[in-house]
Amino acid sequence: NEPRTHWHGLLAKAVEPILEALPRHASIADVAEAINGYGGNSSVWQNVGGVKFHSGQTPLIYDPVSTVAFGYASCTGVSTTYIAALRVAGIPARLVGTPAWLGDPTKGNHNWVELWDGVSWR
């Protein structure tokens, strides 16, 4: 039910200044951390107008454009948007998750991001 959205251009504009601010030979981990906002630099979240994490409140559509338009998402929406931003930067990334957080189905699901660092998924 997700619409085909053109998220690449939106995220490319948000990721480009982050990449330009990094040293030329930055590691994959450094790039991933800069995109997510570690270290106090601008982040993809700030550069798209502000996306906040809100548990259990992801919009019904999880594509990056919808997450940016709503301005919030739970772990699923934030993760899919972060994956898209990493892919814009040329970093392979995937969504990982569990249907039962902490082994308890009543606690709901949880999703997070893994990226390929050239050797393994982390």
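The values are calculated or read from the model by the stated rules, or taken from the named source; none is laboratory data. These figures come from a predicted structure and were not determined experimentally. Note that we place each Cβ from the backbone using ideal geometry, even for glycine, and neighbour counts take in every protein chain shown. These area figures cover heavy atoms from the full protein model, side chains too; ligands, DNA and RNA do not enter into them. Shrake-Rupley method; radii C 1.70, N 1.55, O 1.52, S 1.80 Å.
Along the charge dipole of the chain, Cβ charges K/R +1 and D/E -1, which of Ala93, Leu22, Trp121 sits furthest on the positive end? The Cα lying farthest towards the positive end belongs to Ala93. Between Trp121 and Glu33, residue separation times 0.36 nm minus the direct Cα-Cα distance comes to 30.2 nm.
Projected label points at Arg94 and Ser42, each 7 Å from Cα along the beta carbon direction, are separated by 3.3 nanometres. Among complete DSSP H helices in the chain, none has alpha-carbon atoms stretching at least 15 Å along the helix's long axis together with a mean Kyte-Doolittle hydropathy reaching 1.0. Potential lengthening of the chain between Trp112 and Leu22 amounts to 30.0 nm, from the contour at 0.36 nm per residue minus the alpha-carbon distance. Basic side chains Lys and Arg get +1 at the Cβ, acidic Asp and Glu get -1 at the Cβ, and with that the dipole of the chain about its Cα centre reaches some 120 debye.
Annotation: per residue accessible area for the chain equals 60 Å², rounded to a whole number [probe 1.4 Å, protein chains only]. Among the protein heavy atoms of the chain, carbon and sulfur supply 54% of the accessible surface, probe 1.4 Å, non-protein parts ignored. Which value, to two decimals, describes the C-alpha radius of gyration of the chain once divided by 2.2 N^0.38 Å? Rg over 2.2 N^0.38 Å, computed on Cα atoms: 1.06. A Gaussian network model of the chain, with springs between Cα atoms under 10 Å, assigns the largest mean-square fluctuation among Pro99, Pro17, Pro64 to Pro99. Within the chain, antiparallel bridges make up roughly 80 percent of the DSSP beta bridges whose residues both belong there. Per-residue packing, averaged as other Cβ atoms within 10 Å, sorts the ranges 6-16, 100-110, 46-56 into the order 6-16, 46-56, 100-110, beginning with the highest.
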